Every structure is written in C-alpha cells, then in structure tokens.
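Here the structure comes first, spelled out in structure tokens, and everything after it is commentary.
The values are calculated or read from the model by the stated rules, or taken from the named source; none is laboratory data. Being a predicted model, the structure only gives us computed values, none of them experimental. FYI the Cβ positions are ideal-geometry reconstructions off the backbone, even for glycines, and counts take in every protein chain you see. Areas reflect the complete protein model, heavy atoms only, side chains present, ligands, DNA and RNA absent. Shrake-Rupley method; radii C 1.70, N 1.55, O 1.52, S 1.80 Å.
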Amino acid sequence: MSEDALPPDTKLTTTKQRWAEEGRFLTGRVARPDAERLPPGQHLVRDWPVLDLGLQPVVTRESFRLDVTGAVETTLSLDWAAFSALPQSRSLSDIHCVTTWSRYDNTWEGVLTRDLLEAVRPAPHAAAVMLHSYDGYTTNLLLADFAAEDALIAHSWDGRPLTQEHGAPARLVVPHLYFWKSAKWIKAIEFIARDKAGFWEERGYHMRGDPWAEQRYSDD
C-alpha cells in the first residue's frame, strides 16, 4: 500500500499512538529465564487448588454480563454473545498463588485485556482498575498491570471451558502477579483515577502482589 493510500487515523489508532508516546502499559518482561521461573517461597503443584471466599456463585453463560465502566471513553455492558464477539486469543502462562503454590504451563483462551482497552479507551487520568466478582469479591490492579501483554479475561483452561470452582464462565488472568489478583466470576471492571484497596488488600494483603518481590502482605 502506498503512503498516499494509508487509511485515515481513527480514535483507536490515535489512542494507541498516545499510549506509545507516553510509555503507558509497559510492564517489563512477561517470560522469565528458567532460573527465575519459580518465585521465592513457592513450590510446584500438578493439580489446581481451589481457593475462594466460601461461596461459588452459579453464573451461566445465559445470565453472564460484564460491565466495563468508570474513566473510559466508551462504557460496555457485554452479554456472552458480545463478549464472545471480541477478539479471542490463546496464552500460555504460569500461576503463582500467595499461599505458596505455583503451577506451570497453563493454556488460557479468552479476551486479552489489551483488546478490551482498545475497545473502551481509558481516559488519560485512569490509573487503576477495580475488579468486581459475582460473589462480592473485589481486587485492585494498577492499569499497567491490568494491561500486561499476557493478561486476559479467560473462559477456557487447557482446552476446556472453565469450571464453576475456577471462575466460570469467565475470570481474569494476570500471570505476573499473585493469583488473588486474577478475580474469578468476573462481573465488572471499573476504571478509577486512584488506586484503592479491594477485599484482601483491606485485610492486610499487598496492594500490588509481585511474586518475585514476595509482596504478600502490606508491609512486604
């Protein structure tokens, strides 16, 4: 295509260009060398332990709705058909739980958070997101962590739809942080101007939760 034939800029392309100029959503390495693959204080497991607040809500694909609100140019309210119509991706990553277990090589399918960001276009003053789940759980993420290259809203794990106990029909997956940040049964994503504590963060857990820095608790 000649330079004269280039398509005109859209809101999406100009927004992405602004992000690049500002260096937004740059979070460093996604993959780490083998020597660093297991964070300090962690041990490997083969199964996938189940942790929750004691309530596993039943959310069907028919009843599912994901609302994206707050400091964005375009709010969304997605039923399952609309969520499934967004670009779908596959990602391979490890899980690191704050309770000291890790599981290697998990294959996820779903919507990359970066594709969602392109659809909603965060406002310049957006600094973080608050995640809301169907069981009442909340957790916070800095916008740069939410936008990590391998973060996604997953509906499938290792080739199968997520089970109820693991957050079906959709959950967040942010592999580079402790897994309490990867909210199950996701219901809403709220873009906010200032980072604030969610459920476990209000109860003494770290505001960010980097496994390689052992950011388990608020004083770590």
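At least 2 residues being charged (D, E, K, R) and either open to solvent by 10 Å² or more (accessible area, probe 1.4 Å) or farther than 23 Å from ALA197 by Cα (or both) is the threshold, and among the helices (runs of 4 or more DSSP H) wholly inside the range 35-153 those reaching it are 113-120. The single residue among LYS181, LYS187 that is surrounded by fewer than 21 Cβ atoms within 10 Å (Cβ to Cβ) and in contact with a strand residue (DSSP E or B) (Cβ under 9 Å, 6 or more places away or on another chain) turns out to be LYS187.
Here is a yes/no grid of residues against (1) at pLDDT 55 or above; (2) in contact with a Phe, Trp or Tyr (Cβ under 8 Å, 6 or more places away or on another chain):
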| site | (1), (2) |
| --- | --- |
| PRO33 | no, no |
| ARG37 | yes, yes |
| GLY41 | yes, no |
| GLY54 | yes, no |
| GLN88 | yes, no |
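Any idea which residue in the range 183-220 is farthest from CYS97 (Cα to Cα), counting only those that are small (Gly, Ala, Ser) and in contact (Cβ under 8 Å) with a residue 60 or more places away in the chain? So, considering only residues that are small (Gly, Ala, Ser) and in contact (Cβ under 8 Å) with a residue 60 or more places away in the chain, the one farthest from CYS97 (Cα to Cα) is ALA193.
Residue-wise test of (1) in contact with a Pro (Cβ under 8 Å, 6 or more places away or on another chain); (2) at positive phi.
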{"site": "ARG160", "(1), (2)": "no, no"}
{"site": "ALA168", "(1), (2)": "yes, no"}
{"site": "LYS181", "(1), (2)": "no, no"}
{"site": "TRP185", "(1), (2)": "yes, yes"}
{"site": "GLU190", "(1), (2)": "no, no"}
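Considering the range 190-210, and only residues there that are out of contact with any Ser or Thr (no Cβ under 8 Å at 6 or more places or on another chain) and not in a loop (DSSP other than H, G, I, E, B), the residue that is least open to solvent (accessible area, probe 1.4 Å) turns out to be ILE192. Of all residues in the range 150-173, those satisfying the criterion of being in contact (Cβ under 8 Å) with a residue 40 or more places away in the chain, more than 12 Å from ILE189 (Cβ to Cβ) and in contact with a strand residue (DSSP E or B) (Cβ under 8 Å, 6 or more places away or on another chain) are ASP150, LEU152, ALA154, HIS155, SER156, TRP157, ASP158, GLY159, HIS166, ALA168, PRO169, VAL173. Residues in the range 165-189 that are of a type in the set (D, E, K, R) and part of a helix (DSSP H, G or I) were compared, and the one that is nearest to ARG65 (Cα to Cα) is GLU165. Each residue in the range 129-186 was checked for being within 13 Å of the chain's Cα centre (by Cα) and either among the hydrophobic types (A, V, I, L, M, F, W, C) or within 17 Å of MET207 (Cα to Cα) (or both), and 34 pass.
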